[in-house]
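Nothing in this text is a laboratory measurement; each read-out follows from the coordinates by a stated rule. No experiment lies behind these values; they were computed from the predicted model shown. Heads up, the Cβs are rebuilt from the backbone with ideal geometry, glycines too, and the neighbour counts pull from every protein chain shown.
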Amino acid sequence: MKVKIALPKGRLLSETTRMLSGAGWGLGEYRSDAPIYHLKSTRFPNMLAKMFHERDIPVQVAIGNYDLGICGMDWVEELLVRYRSTEVVKVRDLGYGDGYLFAATNLALLDMTLDEMVAARGEVRIASEYPKLAETFALKSRLKRFRIFPVCGAAEVYPPESAEIALLREEPGLFAGAGLVPVSRLLGFGACIIANRASWETKDLSEILANLGSTAVTKPVAVLPEAVAPAAVLSANVSNDKNVIRLALPDGHQQKPTIAFLKKAGIDVGDYRLNSRNRRPRIGLDGTSVKVVRPQDMPLGVASGNFDLAITGRDWLKDHLSQFPASPVTEFLNLGYGLVKLVAVVSQQLSADDASGLGWLCSGRVQPLRIASEYTNLADKYARDNHLGAYRIIPTWGATEAFLPDDADLLIENAETGGTIARHKLKIIDTLFESTACLIGNARRVDDPAVAQKIERIVGRLRRGLEAN
């Protein structure tokens, strides 16, 4: 009997590693620096484990690709709020990774009720990585009008200018550092093990689960918002001046090269540092406010008017424009660094060596082609442009290489050297385009001559960085 298990990368990995080691699963390769995502057990010959981004695990278990999964209950509830009849069985609370989801607001809005926020703006804007739970919060709070901003992270930076509420997971120092006050507690959660319903009913999983503890899952699920006492917070660098240019800078992998580029351009970046929790740094650009956000959130943020300018990758700009061709977002300047290629990737076991070969293989398929990607809109466009027949897009949140060959047939992925792809026994069959960092902006903002002048001044400063290369 084969048993497939989805294991988390990221915040739960170290504690999950300790637990599984104590349970004797024999997964020695399960660690943060694992060279591969496909893991085999020295104790259970029929066990196949894979490492995924935590958010992908409930979906993979629900659709039956995996019998068991370990993840936070928060992501399970985000799935169940939308798909109440999904095939997920909550098996056990594992006793670690505990936390809460809070609705929080900025100090500047603390004295306003939700109804007063609606009266002031006409709606309440809610930024969150948990868009379905955010919608549940809005409905249970009986908000007359609201708008959800789905983000990939850093929801805490959006209030008060771009949202009234951030719905997010509590982390040490997060509220104080962002100038936020928690106003409602929505959901308690911890790490849990979940099962696919069909697997739970037909497979004997008792030996595998024997040493993982026996605590029943008791965490609350999407309860009515619970008021909490305001916490002490620090003041945030907040500006509501409409004449100030709002610039978004990237976190993550793009932050280090962006810091180096800004220094070449002669722009003071002393408060924009690696591993800093400050998402509102002060930067040496007069009349400019800065927020540090995820690059993939920037095009939609610029289109929505939350930012005037942003430094992101051309890959994320093209993905946005593939979904919204009439978007006002445009590229103002190619910054030239952070070169990656957007590529189509398949297993080395597949005989296709290019897009036409893949199309030929797909012509005889009964099941739709499974395409996994963080770039869902580019993946959809690629399938249509290359006439790949029936296909299904699988959104992912990272660790995309883990999906081939069992859980997807094709990846649309970014690659610097291709080394990671080769290490996972995959191959590139097509290159969609090359992507570098670029400065994007909202074309409608430059209709105002005063704003256009300020934007051109910033563009001019950034050109110095190009000339310094």
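Listing for the model above:
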| quantity | calculated |
| --- | --- |
| Burial ordering of GLU78, GLU331, fewest other beta-carbon atoms within 10 Å first | GLU331, GLU78 |
| Expected-Rg normalisation [2.2 N^0.38 Å, Cα atoms] applied to segment 312-469 | 1.23 |
| Cα-projected label distance for THR202 with SER14, points at 7 Å along beta-carbon direction, nm | 4.0 |
| Sequence of PHE307, PHE403 once ranked by neighbouring C-beta atoms within 10 Å, starting from the fewest | PHE403, PHE307 |
| Contour excess over end-to-end distance, with Cα ends at SER304 and PHE324 and 0.36 nm allotted per residue | 6.0 nm |
| Chain lengthening between PHE433 and ASP115 when straightened (0.36 nm per residue, less Cα-Cα) | 109.7 nm |
| Lys, Arg +1 and Asp, Glu -1 on Cβ, resulting dipole of segment 99-187 about Cα centre, debye, nearest 20 | 360 |
| Rounded, prolate or oblate (a/c below 1.5 giving rounded, otherwise prolate when a/b exceeds b/c) for the chain by Cα gyration tensor | oblate |
| Residue order, fewest to most surrounding Cβ atoms within 10 angstrom, among CYS438, CYS71 | CYS438, CYS71 |
| The chain - charge dipole about Cα centre, Lys and Arg +1 at Cβ, Asp and Glu -1, debye rounded to 20 | 160 |
| Descending Cα extents along the principal axes, segment 64-103, whole Å | 30, 23, 13 |
| Rounded to 5, percent antiparallel among DSSP beta bridges of segment 99-197 | 60 |
| For the chain, share of DSSP beta bridges that run antiparallel, in % to the nearest 5 | 60 |
| Helix-only mean residue ellipticity at 222 nm for the chain, each DSSP H run of n ≥ 4 adding -39500 (n - 2.57), per residue, nearest 500 | -7500 deg cm²/dmol |
| Calculated P(r) of segment 99-187 - Cα pairs past 23 Å, % | 10 |
| Label point distance in nm, VAL459-SER21, each placed 7 Å from Cα along Cα→Cβ | 5.5 |
| DSSP H segments from the chain that extend 20 Å or more along their own axis, Cα-based, with Kyte-Doolittle mean of -1.0 or above | 449-468 |
| Contour excess over end-to-end distance, with Cα ends at ARG423 and ALA450 and 0.36 nm allotted per residue | 4.5 nm |
